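Since the structure comes first, as structure tokens, the remarks are kept for the end.
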Amino acid sequence: EPEVTQTPSHQVTQMGQEVILRCVPISNHLYFYWYRQILGQKVEFLVSFYNNEISEKSEIFDDQFSVERPDGSNFTLKIRSTKLEDSAMYFCASSGLWTATEAFFGQGTRLTVV
Amino acid sequence: GENVEQHPSTLSVQEGDSAVIKCTYSDSASNYFPWYKQELGKRPQLIIDIRSNVGEKKDQRIAVTLNKTAKHFSLHITETQPEDSAVYFCAARHGATNKLIFGTGTLLAVQP
């Protein structure tokens with residue numbers, strides 16, 4: 001069964017450093033997303049990406065965040081200058097062509113900012 | 001703004017009993033309502049979903065009901081088993097976008 005894969009599974013970084021979280025969505029999906037989950041809290045939407053551009057972003061997704069689809073398979077989330085409060089589990093997800101199809105989540109990257 | 005409320009936050013049942021988790025959404029344009037099960041440290045996994053043109057959907061021991069007028073939807077698990085223990089999240093998706101708005105989660109504990 002196809003699945004969304006994310007790397008790394010755990011990333012520890014110094015405050016102020018840049019991090020790039022990587023995702024390989026399911027191959028025939030067209031919509032890509034990043035969500036985050038602070039420990040013990042609910043999953044929060046960050047950004048959606050379609051047709052090589054951001055289609056929607058939340059207020060969390062400020063200028064420190066960016067997304068990119070550098071090639072036909074990868075989808076990345078970059079945090080330019082990490083803050084302690086960026087520590088969370090980051091989930092990538094993808095969904096198919098039709099708007100009401102299910103979103104499949106990757107296994108997550110646990111980001112710890114120290 | 002868009003919001004999904006979920007109750008209860010914790011639910012403890014005896015094995016074999018039923019469990020019901022309820023959610024309310026604010027955006028009347030929402031048209032898709034998935035439920036995710038998340039085990040500790042793992043990804044949210046879709047267990048069942050319902051679209052706005054349907055009132056009820058069932059898959060073995062799991063069922064979801066939707067009341068569009070009241071903007072409520074519920075997850076029903078029958079004959080609960082210890083392996084059902086997890087955090088369950090409801091979510092709602094707006095028709096014009098694809099983002100999911102999640103509820104706050106319900107920690108379900110099934111006591112053997």
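Looking at B:T65, is it in contact with a His (Cβ under 9 Å, 6 or more places away or on another chain), among the hydroxyl-bearing types (S, T, Y) and either touching a residue at least 12 places away in the same chain (Cβ under 8 Å) or more than 11 Å from chain A (Cβ to nearest Cβ) (or both)? First the steps, then the outcome.
Working: in contact with a His (Cβ under 9 Å, 6 or more places away or on another chain): yes; among the hydroxyl-bearing types (S, T, Y): yes; either touching a residue at least 12 places away in the same chain (Cβ under 8 Å) or more than 11 Å from chain A (Cβ to nearest Cβ) (or both): yes.
When the stated conditions are applied, B:T65 passes them.
Could you check B:I77 against (1) farther than 17 Å from B:Q6 by Cα; (2) in contact with a helix residue (DSSP H, G or I) (Cβ under 8 Å, 6 or more places away or on another chain); (3) of a type in the set (A, V, I, L, M, F, W, C) and say which number it fails?
Tallying (1) farther than 17 Å from B:Q6 by Cα; (2) in contact with a helix residue (DSSP H, G or I) (Cβ under 8 Å, 6 or more places away or on another chain); (3) of a type in the set (A, V, I, L, M, F, W, C), B:I77 fails exactly one: (1).
Say we look at segment A:1-36 and pick out the residues that are modelled with pLDDT of 95 or more, closer than 18 Å to A:S95 by Cβ and of a type in the set (S, T, N, Q); which of these is farthest from the chain's Cα centre (by Cα)?
A:T5
Please report, ordered by residue number, the strands (runs of 3 or more DSSP E) entirely within segment A:34-109 with at least 2 residues that are more than 10 Å from chain B (Cβ to nearest Cβ) and surrounded by fewer than 22 Cβ atoms within 10 Å (Cβ to Cβ). Let's see the steps before the verdict.
Working: elements: A:43-50, A:53-57, A:65-68, A:75-79, A:88-95.
Strands (runs of 3 or more DSSP E) meeting the threshold: A:53-57, A:65-68, A:75-79.
Would it be correct to say that B:I21 is β-branched (V, I, T), in contact with a Ser or Thr (Cβ under 8 Å, 6 or more places away or on another chain) and not in a loop (DSSP other than H, G, I, E, B)?
Values: β-branched (V, I, T): yes; in contact with a Ser or Thr (Cβ under 8 Å, 6 or more places away or on another chain): yes; not in a loop (DSSP other than H, G, I, E, B): yes.
So B:I21 passes the test.
Name every residue in segment A:1-33 that is part of a loop (DSSP other than H, G, I, E, B) and under 21 Å from A:D71 (Cβ atoms), in order of residue number. Spell out the reasoning first.
Kept after step one, since they are part of a loop (DSSP other than H, G, I, E, B), are these residues of segment A:1-33: A:1-4, A:8-9, A:14-18, A:25-30.
Selection gives A:P2, A:E3, A:V4, A:P8, A:E18, A:P25, A:I26, A:S27, A:N28, A:H29, A:L30.
Keeping to segment B:58-88, report how many residues are of a type in the set (S, T, N, Q), within 21 Å of B:Q38 (Cβ to Cβ) and either at pLDDT below 95 or out of contact with any Ser or Thr (no Cβ under 6 Å at 6 or more places or on another chain) (or both). Before you say what the answer is, go through the steps one by one.
If we filter segment B:58-88 for residues that are of a type in the set (S, T, N, Q), which is where we start, we get B:60, B:65, B:67, B:69, B:74, B:78, B:80-81, B:85.
Those still in the list that are within 21 Å of B:Q38 (Cβ to Cβ) too: B:60, B:74, B:78, B:80-81, B:85.
Subset that is either at pLDDT below 95 or out of contact with any Ser or Thr (no Cβ under 6 Å at 6 or more places or on another chain) (or both): B:60, B:80-81, B:85.
Qualifying residue count for the region: 4.
Considering only segment B:1-55, how many residues are buried (at least 16 other Cβ atoms within 10 Å of the Cβ), of a type in the set (D, E, K, R) and closer than 16 Å to B:T65 by Cβ?
Here the count works out to 2.
The values are calculated or read from the model by the stated rules, or taken from the named source; none is laboratory data. What you see is a predicted model, and the numbers here were worked out from it, not measured in a lab. As a convention, Cβ positions derive from the backbone with ideal geometry for all residues, glycine included, and neighbour counts pool all protein chains shown.
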